[in-house]
Amino acid sequence: MALISVAELQAELGGGRPPVLLDVRWALGGPDGAQEYARGHLPGAVYLDLETQLSRPRRTGEGRHPLPDPVALQEVLRGAGISDDTRVVVHDAATSTSAARGWWVLRWAGLADVRVLDGGLAAWTAAGGVLTTDVPLPGPGDVTVRPGSLPVLDAGSAAALARTGALLDARAPERYRGEVEPVDPVAGHVPGALNLPTTQNLDATGRFLAPERLRERFADVSTGPVGVYCGSGVTAAHTLLALEVAGIPARLYPGSWSEWVADPSRPVATGPDAG
């Protein structure tokens, strides 16, 4: 299972083989995740920065959050105390958006046992979980990063999937329709893509919908190949996680819209209907 509840995590932390906790709090425009971590975090949690450790610097023509360099990522994960057989739990502040990115990157890197704390730090504190400002000093791990352990889409295969399968756009509807674009230089969506906003993966408490409800949500796109993109490959990972919970295989387009519009020759669609 890709998700873990607070109660399940508390039980595992009290067992003989507790998981490594990764705090990957991040939000577009702030607050700063490292500063939030310093104010209080789950006991034993190691902070990883989404911008610099779960991504690498952007090159010309790439999206805003390119996949991390495997060698650099391996060093980061070993420094967090992770080995090949380590159980890992990733969390963020509440909605699991950046945690899903961490989950996906670690699975892409070849780690098998990675879960997301459903509801994040908000669920932990709501259940009476304590926080600490103590920074852990984990022993060195020896994980071997195996990039490509999850399949990805590039711009060409994303465009083809929009024609032959289901390419999901996980952004807000107004960005998909091209009415606003607060981050990237061009508004709109990949022609043929379908809009299923990431926010609809969660219930009112900020936790993922039950598997059966997620299967209902994705019923119209679950019969063929599925791909997901967003603005830069972060929130799309949230929908990848929801699809995983629903038992539906899917691929991420890591470059997403920010990469798509970096090439002015690529077509752009606007309006409420795909294509």
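Listing for the model above:
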{"item": "Hey, Pro147 in contact with a Pro (Cβ under 7 Å, 6 or more places away or on another chain), over 30 Å from Pro70 (Cβ atoms), surrounded by fewer than 18 Cβ atoms within 10 Å (Cβ to Cβ) and not acidic (Asp, Glu) or not", "result": "no"}
{"item": "Identity of the residue in region 239-270, part of a loop (DSSP other than H, G, I, E, B) and of a type in the set (Ser, Thr, Tyr), that ends up nearest to Ala158 (Cα to Cα)", "result": "Tyr253"}
{"item": "Identity of the residue in region 77-127, of a type in the set (D, E, K, R) and farther than 22 Å from Arg251 by Cα, that ends up surrounded by the fewest Cβ atoms within 10 Å (Cβ to Cβ)", "result": "Asp85"}
{"item": "Flag if Trp108 is within 30 Å of Ser265 (Cα to Cα) and under 19 Å from the mean Cα position of the chain (by Cα)", "result": "yes"}
{"item": "Qualifying residue in region 53-64 (condition: at pLDDT below 95, surrounded by fewer than 18 Cβ atoms within 10 Å (Cβ to Cβ), more than 18 Å from Ala236 (Cβ to Cβ) and touching a Pro at 6+ places or on another chain (Cβ under 9 Å))", "result": "yes"}
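Here's the yes/no breakdown for (1) surrounded by fewer than 17 Cβ atoms within 10 Å (Cβ to Cβ); (2) modelled with pLDDT under 95; (3) in the same structural domain as Ala27 (by TED's automatic domain parsing); (4) not acidic (Asp, Glu):
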{"site": "Glu216", "(1), (2), (3), (4)": "yes, no, no, no"}
{"site": "Thr223", "(1), (2), (3), (4)": "yes, yes, no, yes"}
{"site": "Gly227", "(1), (2), (3), (4)": "no, no, no, yes"}
{"site": "Val234", "(1), (2), (3), (4)": "no, no, no, yes"}
{"site": "His238", "(1), (2), (3), (4)": "no, no, no, yes"}
{"site": "Val245", "(1), (2), (3), (4)": "no, no, no, yes"}
{"site": "Ala250", "(1), (2), (3), (4)": "no, no, no, yes"}
{"site": "Val268", "(1), (2), (3), (4)": "yes, no, no, yes"}
{"site": "Gly275", "(1), (2), (3), (4)": "yes, yes, no, yes"}
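The values are calculated or read from the model by the stated rules, or taken from the named source; none is laboratory data. Small disclaimer: the values here were computed from a predicted structure and weren't measured. With ideal geometry, Cβ positions are generated from the backbone for all residues, glycine too; neighbour counts draw on all protein chains shown.
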